[in-house]
Amino acid sequence: MSGLPGAGKDSWIREYLPDWTVISLDELRQAMNISPKDDQGAVGERARAIAKDYMRAEKSFVWNATNLSRQLRSSLINLFSAYHARIRIVYLEVSWEELLRRNYSRAANVPEAVIGRMRDRLEVPDLTEAHQVDWVVES
């Protein structure tokens, strides 16, 4: 998955891949009691370890995180490719107004300034990054 906070990644997964196992960095962060403001290294390491276990067992899963930069996606894609996984990126985008509306209605919302900085760093995935790339854009 790829998209800013509030773009609808969780909802998309529930609707289109309801039976798939999800590796959610947000859920891991909560389970590990690590604030989004703290170093995320341990969260990433744990998520990668889980992903490796699933790939060894040839079990499909969804990696649910913002994955905003090509560099970050590339590190994950390299890991998944090492296990000969089929890689699909689903990028979700909504208008800025809708994104903020959704964010403020969430229990754990992200400060608008943080989302703004994330938007400035966003690199939309392109076809060269995975076996399949889907762009879901709501107007």
Long-range amide H partners of residue 62 with built H, under 5 Å
21, 22, 23
Taking 0.36 nm per residue of separation between residue 114 and residue 50 and subtracting their Cα-Cα distance, the length gained on full extension comes to 20.2 nm
Over region 9-137, what is the percentage of antiparallel beta bridges among all DSSP beta bridges, to the nearest 5?
0
Please work out the C-alpha center-to-center distance from region 13-77 to region 116-139 and express it in whole Å.
17
Simple spin-label model, 7 Å along Cα-to-Cβ: residue 126 to residue 84 in nm?
3.0
Just add up the charged neighbours of residue 21: K/R +1, D/E -1, any other residue whose Cβ is under 11 Å from the Cβ of residue 21.
-1
Quick one: 84, 131, fewest Cβ neighbours within 10 Å first, how do they rank?
84, 131
Please sort by residue number the trypsin sites (Lys or Arg not before Pro) in region 83-139 whose DSSP state is loop and whose Cβ has at most 16 other Cβ atoms within 10 Å.
86, 106
Place +1 on the Cβ of every Lys and Arg and -1 on the Cβ of every Asp and Glu in region 13-86, take the dipole about the Cα centre, and give the residue among 23, 40, 84 whose Cα lies farthest towards its positive end.
84
Please report, in Å, the Rg and the Dmax of region 19-91, where both are computed over Cα atoms only.
12.2, 34
Please state the charge dipole magnitude for the chain, taken about the Cα centre, from unit charges on C-beta atoms (+1 on K and R, -1 on D and E), reported in debye and rounded to the nearest 20.
320
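Quick note: the coordinates plus some simple rules give every number you see, no bench work behind them. Everything numeric here is computed off the predicted structure, so don't read it as measured data. Positions of Cβ are backbone-derived with ideal geometry, glycine not excepted, and every protein chain shown enters the neighbour counts.
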